[in-house]
1. Sort the following peptides by mean Cβ neighbour count (other Cβ atoms within 10 Å, averaged over residues), highest first: 45-54, 134-143.
2. What is the helix-to-structure angle for 148-160, meaning the angle in degrees between its Cα long axis and the longest Cα principal axis of the chain, kept from 0 to 90 and rounded to the nearest 10?
3. In Å², what does the accessible area per residue of the chain work out to with a 1.4 Å probe?
4. Is any residue of the stretch 15-43 close enough, with backbone N under 17 Å, to a label point placed 7 angstrom from the Cα of ARG65 along the Cα-Cβ axis, and if so, which?
5. Enumerate the amide H contacts of ALA225 below 5 Å, restricted to partners 5 or more residues apart or on another chain; note that Pro and chain-start residues carry no placed amide H.
6. When only Cα pairs under 8 Å and 6 or more residues apart are kept, what is the percent relative contact order across the stretch 43-149?
7. List the relative contact order of the chain as a percent without decimals, with contacts defined as Cα pairs under 8 Å and 6+ residues apart.
8. Is the shape of the chain best called rounded, prolate or oblate, per the rule: a/c under 1.5 gives rounded, else a/b larger than b/c gives prolate, else oblate, with a ≥ b ≥ c the square roots of the Cα gyration tensor eigenvalues?
Amino acid sequence: GGGPNVLEVDGLVVTYGRSVLALSGVSLNVPRGGAVALLGANGAGKTTLLRAVTGLLPLYDAEVRGGTIRFDDRPVIGRDASALVRAGIAQSLEGRRIFPELTVEENLRVGAFAVRDRAAIPARQAELLELFPRLGERLRQPGGLLSGGEQQMLAIARALMAGPELLVLDEPSLGLAPLVVAEIGAALRTVTDRGTAVLLVDQGTALALGVTHDAHLLEHGRIVASGPTTTLLADDRVREAYLGTR
Ligand code: ATP
């Protein structure tokens with residue numbers, strides 16, 4: 001598709017089980033090559049939205065009850081996570097859930113499972129190791145021996161091995177030191193500069209400010225404010241949402 005948005009979410013309603021309403025009519029767009037942050041307190045529905053976009057709701061006994069999601073002008077709902085990776089939506093949602101027994105390089109190869117052009121994989125890996133030099137220094141080490149920050153870098157790099165058009169991230173800065181967060185932010189800026197769109201959930205403000213242009217504030221499953229990330233992060237409602245959790 002050639003529209004201005006790579007991702008369009010319109011009126012999305014999601015429940016867990018039969019009754020827990022997690023999203024009640026959420027609409028947002030991610031422009032092609034753009035970077036958008038989703039802000040909000042614990043339980044607001046941020047992770048649920050990311051699960052919907054990446055095809056992971058069925059794993060959590062959750063269901064779409066209304067609305068639509070379109071990626072590249074094609075419907076997303078009903079397609080499974082690996083089909084969506086092949087279509088161009090890569091994600092790192094489960095924090096640092098890398099494979100601890102596999103080496104760094106093997107972890108990266110796992111991320112390339114859906115790549116049809118196998119000959120392109122070494123060049124992509126080399127490009128990602130330039131982006132995350134620490135991973136290059138540790139290619140043959142088991143992933144489990146990396147520091148928390150390095151494991152987060154590996155999780156992001158693994159997702160990028162798929163060569164996605166959209167990268168979806170949940171709390172990549174959680175528990176990491178400010179210097180490491182800055183390193184990850186610089187890498188993600190390069191990623192968006194090269195044309196990959198990003199949809200980011202992060203409770204820290206550093207990545208949202210450093211990487212995204214636009215942001216939305218979720219409250220109890222609804223978007224209650226939207227705007228440039230800098231403006232929104234200065235909003236009292238956002239400050240309150242964050243103060244409520246940290
Ligand atoms: P957090 O930062 O705590 O993850 P969040 O903004 O990502 O918050 P969600 O995790 O999307 O919020 O949760 C939205 C709502 O859905 C909450 O009411 C939560 O209790 C509920 N919920 C989330 N996961 C499940 C689940 N697996 N089963 C049942 N209810 C769930």
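The values are calculated or read from the model by the stated rules, or taken from the named source; none is laboratory data. No experiment lies behind these values; they were computed from the predicted model shown. Note that each Cβ is placed from the backbone with ideal geometry, even for glycine, and that neighbours are counted across all protein chains shown. The area values use the complete protein model at the heavy-atom level, side chains included, leaving out ligands, DNA and RNA. Shrake-Rupley method; radii C 1.70, N 1.55, O 1.52, S 1.80 Å.
1. On the way: 45-54: 23.4, 134-143: 16.2.
By packing density, highest mean first, the sequence is 45-54, 134-143.
2. 80
3. Numbers: 11030 Å² over 246 residues.
Heavy-atom SASA per residue in the chain reads 45 Å².
4. The answer is 15-27.
5. Placed amide hydrogens put LEU217 under 5 Å from ALA225.
6. Working: 76 pairs, mean separation 26.7, N = 107.
Relative CO of the stretch 43-149 lands at 25 percent.
7. Values: 497 pairs, mean separation 67.6, N = 246.
With pairs under 8 Å counted, the relative contact order is 27 percent.
8. Details: a/c = 1.64, a/b = 1.32, b/c = 1.24.
Prolate, since a/c reaches 1.5 and a/b exceeds b/c.
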